[in-house]
1. From the convex hull of the Cα coordinates of the chain, what is the mean projected area in square nanometres?
2. At 1.4 Å probe size, with the rest of the protein present, what percent of the exposed accessible area of the chain is carbon and sulfur atoms?
3. Starting at the first residue of region 43-58, write each ³J(HN,Hα) from the Karplus equation 6.51 cos²θ - 1.76 cosθ + 1.60 with θ = phi - 60°, in whole Hz, x for Gly and Pro.
4. Using the heavy atoms of the protein chains alone and a 1.4 angstrom probe, what is the accessible area of the chain per residue in square angstrom?
5. Loop only per DSSP, at most 14 neighbouring Cβ atoms within 10 Å: give me the trypsin sites (Lys or Arg not before Pro) in region 149-215, ordered by residue number.
6. If amide hydrogens are placed 1.01 Å from N in the peptide plane, which non-local residues have theirs closer than 5 Å to the one on Ala129?
7. Here is the link list: Lys60/Lys126; Lys9/Lys208; Lys126/Lys208; Lys60/Lys208; Lys20/Lys107. Which ones come out longer than 27 Å on Cα distance?
8. Please turn the phi angles of region 149-165 into ³J(HN,Hα) values with the Karplus equation 6.51 cos²θ - 1.76 cosθ + 1.60 (θ = phi - 60°), one per residue in order, whole Hz, x for glycine and proline.
Amino acid sequence: MAIRKLDGKELVVATHNAGKVREIGELIAPFGLTAKSAGELGLAEPEENGTTFEQNAYTKAHASALATGLPSLADDSGLCVAALDGAPGVYTADWAEQEDGTRDFAKAMQLVEDKLNECGADEPSKRGAMFVATLCLCWPDGHAEYFRGEVHGQLIWPPTGTQGFGYDPVFLPDGEDRTFGQMSAEEKHGWTPGGDIPLSHRARAFAKFAEGCLD
Ligand code: IMP
């Protein structure tokens, strides 16, 4: 079946995460689209209890589309480590969760490193990982389109670089000599319509979304 196009210029970015709103806002700007975030619209944050990135992205996009009557775009993403059978995967944010409800990514990176050490992943070939991002665009009638982006690489230790967010300082993308934490936002996510394949998982998913749904 053909991919449904986005008609109209208004889109809700179904997230309360300010970093994601900013990144998606930058990516859609060349298409003349404006984005409002679920946070700005005062929407409640739905519980993410799916076992796949697709399920969680749909939960967020569908709740927002129903509440606003507008097409809504949600992102669900995470880090999948080969030696840990794909963990933390959809639980990537949870691994950073502290008892007081805040998130500590220094501790989350240490936890991943401890688990890699426990299973003897002491050389680069045993430390493969990928970041995954799934975008779901959902309309108020429930129709949904999905776009998945991946970037493969390896985990390094100690964390290196102060840019980006989350697990960026330990992720070295294949073919690069700097971690995501050492790259500018432009280097990590930069993409222009019709341009080369971007580097980050989120920008790769977005490029597919733009090709499929935007004119
Ligand atoms: P969620 O998609 O909001 O459920 O959370 C995804 C989790 O994966 C976040 O906690 C991020 O820390 C992590 N993550 C996703 N994308 C990236 C990235 O580009 N860099 C670093 N961490 C990321």
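The values are calculated or read from the model by the stated rules, or taken from the named source; none is laboratory data. Just so it is clear, the model here is predicted, and its values are computed rather than measured. Cβ placement follows ideal geometry from the backbone for every residue including glycine, while neighbour counts extend to all protein chains displayed. Side chains are part of the model used for accessible areas, which takes the heavy atoms of the whole protein and leaves out ligands, DNA and RNA. Shrake-Rupley method; radii C 1.70, N 1.55, O 1.52, S 1.80 Å.
1. 12.2
2. Answer for the chain: carbon and sulfur cover 51 percent of the accessible area.
3. Computed from phi, the couplings for region 43-58 are 7, 6, 8, x, 6, 9, 10, x, 10, 10, 4, 4, 4, 5, 5, 5 Hz.
4. Values: 10490 Å² over 215 residues.
That works out to 49 Å² per residue.
5. Arg178
6. Ala82, Gly153, Gln154, Leu155
7. Lys60/Lys126; Lys126/Lys208
8. Listing the rounded values in order: x, 10, 9, 9, x, 9, 8, 10, 9, x, x, 10, x, 10, 8, x, 7 Hz.
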